[in-house]
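S.K.: The structure follows.
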Amino acid sequence: MRQPLVAGNWKMYKTVAEARQLVSELVPGLQAIGGVEKVLCPPFTDLMAVAALLEGSGIGLGAQNLHWEAQGAFTGEISPAMVAEVCKYVIIGHSERRQYFAETDTTVNRKVKAALAQGLTPIVCVGETLAEYEAGRTAEVVSRQIKLGLADLEISEASAGSLVVAYEPVWAIGTGKAATSAGANAVMTDVIRPGLTELFGAAVAQSVRILYGGSVKPDNAKEYFNQSDIDGALVGGASLKAGDFIAITKAAAH
Ligand code: 13P
């Protein structure tokens, strides 16, 4: 059984003061929900303050990126050990990083390896662009992202819970144009799990959680969570509103 996971990707929103306010609104509501793994992924500058507020809450903390090198002259970057000091999770290869910061399947793969070596749980994002979707290339693109992004990893059945994949069609992110729940589920069933099976075997592929991301809101969340291969959500905009994120998390707890 895969435990549902709901993660909030705050992107580049919330100063420390704003983060404290949001977390104070989130904690009581999220704590009351059982059976769901909950994760908040604020900007780097908020992590220490949010970590202090989450202590003992059972709510996990994640970063939105890391560098693959252990240390060095990499101005502006954050190492895996620095992230692991404060976080248990890290988002890797978000489409915004691929699109605006030139991340590739190769750099995603380096980051995933570095994160796992540091004991972090990577949330690895895949998904096709609008042009790729319209050209009918979804399966080709997503299976390449899985194959290359997750190449040469050692994942056992015991450690499969520490690898999370998020399927986020780029055309559904921040657009209000969510993928249909059946359409998203089909990508997971027909493309992502078979890709994971090829890499790690069927048992691991059945244990890795796959999240859907892209315009998840309180009023559509349940539809996604009712699908056989959707194990949770990576929530952007709606994770910035306490009531919405709590409602989405509740919908995952069925
Ligand atoms: P929205 O929920 O704002 O569409 O963002 C999705 C996303 O990119 C989460 O990583």
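S.K.: Around Glu128, what is the net charge, scoring Lys/Arg as +1 and Asp/Glu as -1 over all other residues with Cβ under 15 Å from its Cβ?
M.R.: -2
S.K.: Rounded to the nearest 500 deg cm²/dmol, what is the calculated helix-only ellipticity per residue at 222 nm for the chain, with -39500 (n - 2.57) per DSSP H run of length n ≥ 4?
M.R.: Result for the chain, helices only: -11500 deg cm²/dmol.
S.K.: Further question on the same structure: Along Cα→Cβ, 7 Å out, is where each label goes; now give me the distance between the ones at Ala253 and Ala202 in nm to one decimal.
M.R.: Spacing of the two 7 Å Cα→Cβ label points: 3.5 nm.
S.K.: A further question on this structure: So what is the relative contact order of region 180-254, in percent, for Cα pairs below 8 Å that sit 6 or more residues apart?
M.R.: Reported relative contact order: 31 percent.
S.K.: Label-point separation (nm) for Met12 and Glu134, each offset 7 Å from Cα along Cα-to-Cβ?
M.R.: For Met12 paired with Glu134, the spin-label model returns 2.6 nm.
S.K.: Given the Cα atoms of the chain, and with Rh set as the inverse mean 1/r over their pairs in the Kirkwood sense, what is Rg to Rh to two decimals?
M.R.: 0.93
S.K.: A further question follows. Please compute the net charge surrounding Asp229, taking Lys and Arg as +1 and Asp and Glu as -1 over other residues with Cβ under 13 Å from its Cβ.
M.R.: Summing Lys/Arg as +1 and Asp/Glu as -1 gives +1.
S.K.: Given a Förster radius of 30 Å and the C-beta distance between Arg110 and Ala51 as r, what FRET efficiency does 1/(1 + (r/R0)^6) yield to the nearest 0.05?
M.R.: Efficiency computed from Cβ-Cβ geometry: 0.70.
S.K.: Please report the relative contact order for region 103-254, taking Cα pairs under 8 Å with a sequence separation of at least 6, and give it as a percent rounded to a whole number.
M.R.: Over region 103-254, the number comes to 22 percent.
S.K.: How would Phe74, Phe245, Phe200 line up from fewest to most surrounding beta-carbon atoms within 10 angstrom?
M.R.: Exposure proxy ranking, most exposed first: Phe74, Phe200, Phe245.
S.K.: With each pseudo-label sitting 7 Å past Cα toward Cβ, what's the Glu157-Phe101 distance in nm, one decimal?
M.R.: Result: 3.7 nm between the two label points.
S.K.: Same structure again: What net charge is computed for the residues neighbouring Leu22, neighbours being all others with C-beta under 9 Å from the C-beta of Leu22, Lys and Arg scored +1, Asp and Glu -1?
M.R.: Within the 9 Å Cβ shell, the charges total +1.
S.K.: Could you please rank Glu128, Glu223, Glu55, placing first whichever residue has the fewest other Cβ atoms within 10 Å of its Cβ?
M.R.: Lowest count first: Glu55, Glu223, Glu128.
S.K.: Using only alpha carbons, build the gyration tensor for region 1-56 and give me the equivalent ellipsoid semi-axes, biggest first, whole Å.
M.R.: Semi-axes (√(5λ), whole Å): 21, 13, 9.
S.K.: Next up: Give the average over all directions of the projected area of the C-alpha convex hull of region 111-231, one decimal, in nm².
M.R.: 7.3
S.K.: Would you be so kind as to identify which of Leu240, Ala114, Gly195 lies farthest towards the positive end of the dipole of the chain, taking Lys and Arg as +1 and Asp and Glu as -1 on Cβ and the Cα centre as origin?
M.R.: Leu240
S.K.: Which percent of Cα pairs goes in each bin when the distances of region 95-168 are cut into 5 angstrom slices starting at zero?
M.R.: In order of increasing distance, the bins hold 3, 16, 26, 26, 16, 9, 5, 1 percent.
S.K.: Assign unit charges at the C-beta atoms only (+1 for Lys and Arg, -1 for Asp and Glu), then state the dipole size of the chain relative to its Cα centre in Debye, rounded to the nearest 20.
M.R.: 300
S.K.: Still on this model: At 0.36 nm per residue, minus the direct Cα-Cα distance, what do Lys147 and Ser24 gain on full extension? Give it in nm, one decimal, please.
M.R.: 40.3 nm
S.K.: What's the exposure ranking of His67, His94, His254, going from fewest to most Cβ atoms within 10 Å?
M.R.: Lowest to highest Cβ neighbour count: His254, His67, His94.
Coordinate-derived values only; no laboratory data. Note that the coordinates shown come from a computational prediction; the quantities given were computed from them, not determined experimentally. Note: ideal-geometry Cβ built from the backbone for every residue, glycine included; neighbour counts use all protein chains shown.
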